[in-house]
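I'd like to ask you about the structure that follows.
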Amino acid sequence: MSAGSDATLRDDDVKAIDELRAFYGELKTELSQAIVGQSDVIEQLVICLFARGHALLMGVPGLAKTLLVRRVSETMSLEFSRIQFTPDLMPMDITGTDILQENQGGQRQFEFIKGPVFANIVLADEINRAPAKTQAAMLEAMQEHRVTVAGTGFPLKPPFFVLATQNPVEQEGTYPLPEAQLDRFMFLIEVDYPNEAEEIAIARLTTGADLPELNHLIDGERVQHFQELVRRVPVPDHLYEYAAKLVRCTRPNDPTAPEWLKPLVGWGAGPRAVQYLILGAKSRAALEGSYMVRLEDVQAVAGPVLTHRVLTTFAAQSEGVSSGDVVRRLIEEVGNG
């Protein structure tokens, strides 16, 4: 049960974790004025943000995915941008392009006009509707935190957080993200239908007066401060081992994989999944006010981290077994660190 070399927090870090927990409570209270339910989705979004990850939201239309993202950015005083992906969207529509302009001296020169990716929170709506070349431009920005136009690189101002959405129902005329690109997303966040009481509350809230404006609770500089804090949250050695074991069990050719999994999974999660399990657990622990990562933190983020990284076989699909089912069973069965 040793805690490793990252096991000590400075006094100011302890105070900062307390501040982060208080902010998270205020955030949930503020968002409740405009968003009904979706507490798990909000938690996963905030975990991703403070872990410096990106998220893929999966849900049918009409579940307030865009509204939720916009409201979160509003409470954080962050610049928000929405890109509607369509089959005719070009990379320059995302990154920006050089425009020939005439300066005060009458000379013509190219001036770079920034695209919508130059924001703090970018909603890439229905990312699977754009062709691969355009998707790649978005994913380059996510990975490198910069864009390249005509051979010139332009850095993206931190914090930079991408939320992409996919519609799981309508697949005609879409360009599904390849598995290697899906791996760039820290979390797959599944947005489900509200329950009956929440649906009635949504009807009351959205069919009356205009929704209230939300208070700005935090600025970009403070977000970056908390992101750096999350990296310093200590993790016991046995939880590093647990995260690695959990990921390795998703790989059907690994000797540690359970027998029941091998006919159901064609491809398991890679090393990036271990990194995201640890980072996600650190972020969740800090948001909960814990000064050290706990087993429950790793298990809480295992579903969003692993589900889109586990590829099921045709045999699994024919039996109605999803990657989420596989991941949930693994979390139950793999030893508790």
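The values are calculated or read from the model by the stated rules, or taken from the named source; none is laboratory data. The structure presented is a predicted model; accordingly, all values stated were derived computationally and were not measured. Cβ sites come from the backbone with ideal geometry, for glycine too, and all protein chains shown count toward neighbours.
If only one of ALA136, ALA150 is surrounded by fewer than 20 Cβ atoms within 10 Å (Cβ to Cβ), at pLDDT below 85 and on the phi > 0 side of the Ramachandran plot, which one is it?
Working: ALA136 fails: on the phi > 0 side of the Ramachandran plot.
Result: ALA150 is the single residue among ALA136, ALA150 that is surrounded by fewer than 20 Cβ atoms within 10 Å (Cβ to Cβ), at pLDDT below 85 and on the phi > 0 side of the Ramachandran plot.
Right, something else. Taking the residues in region 185-202 that are surrounded by 14 or more Cβ atoms within 10 Å (Cβ to Cβ) and touching a helix residue (DSSP H, G or I) at 6+ places or on another chain (Cβ under 9 Å) as candidates, determine which candidate is modelled with the lowest pLDDT.
Top of the filtered list is PRO194.
Here's another thing I want to ask about it. When you go through ALA269, ALA257, ALA244 one by one, which is the residue that is without any contact (Cβ under 8 Å) to a residue 40 or more places away in the chain and in a loop (DSSP other than H, G, I, E, B)? If you could, list the steps in order and put the result at the bottom.
Values: ALA269 fails: without any contact (Cβ under 8 Å) to a residue 40 or more places away in the chain; ALA244 fails: in a loop (DSSP other than H, G, I, E, B).
It is ALA257.
Something else about it: Which of the residues spanning region 200-225 are of a type in the set (Asp, Glu) and either over 30 Å from GLU19 (Cα atoms) or not assigned by TED's automatic domain parsing to the domain that holds GLY37 (or both)? Spell out the reasoning first.
Filtering region 200-225 down to residues of a type in the set (Asp, Glu) leaves 210, 213, 219, 221.
Selection gives ASP210 alone.
Moving to a separate point now. Would you mind finding the one in ALA164, ALA130 that is in the same structural domain as ALA55 (by TED's automatic domain parsing), of a type outside the set (Asp, Glu), under 17 Å from ARG82 (Cα atoms) and at pLDDT 85 or above?
ALA164
Restricting region 203-243 to residues that are touching a Phe, Trp or Tyr at 6+ places or on another chain (Cβ under 7 Å) and among the hydrophobic types (A, V, I, L, M, F, W, C), which is surrounded by the most Cβ atoms within 10 Å (Cβ to Cβ)? Before the answer, list the steps.
Narrowing region 203-243 to residues touching a Phe, Trp or Tyr at 6+ places or on another chain (Cβ under 7 Å): 217-218, 226-227, 230.
Checking the rest, the ones that are also among the hydrophobic types (A, V, I, L, M, F, W, C) come to 217-218, 226, 230.
On the way: LEU217: 17, ILE218: 18, PHE226: 21, VAL230: 24.
Among those residues, the one meeting the criterion is VAL230.
Let me ask something additional. Going by the structure shown, is ASP12 surrounded by fewer than 18 Cβ atoms within 10 Å (Cβ to Cβ), in a loop (DSSP other than H, G, I, E, B) and free of Cβ contacts under 8 Å to residues at least 24 places away in the same chain?
Working: surrounded by fewer than 18 Cβ atoms within 10 Å (Cβ to Cβ): yes; in a loop (DSSP other than H, G, I, E, B): no; free of Cβ contacts under 8 Å to residues at least 24 places away in the same chain: yes.
Spelling it out, it is not the case that ASP12 is surrounded by fewer than 18 Cβ atoms within 10 Å (Cβ to Cβ), in a loop (DSSP other than H, G, I, E, B) and free of Cβ contacts under 8 Å to residues at least 24 places away in the same chain.
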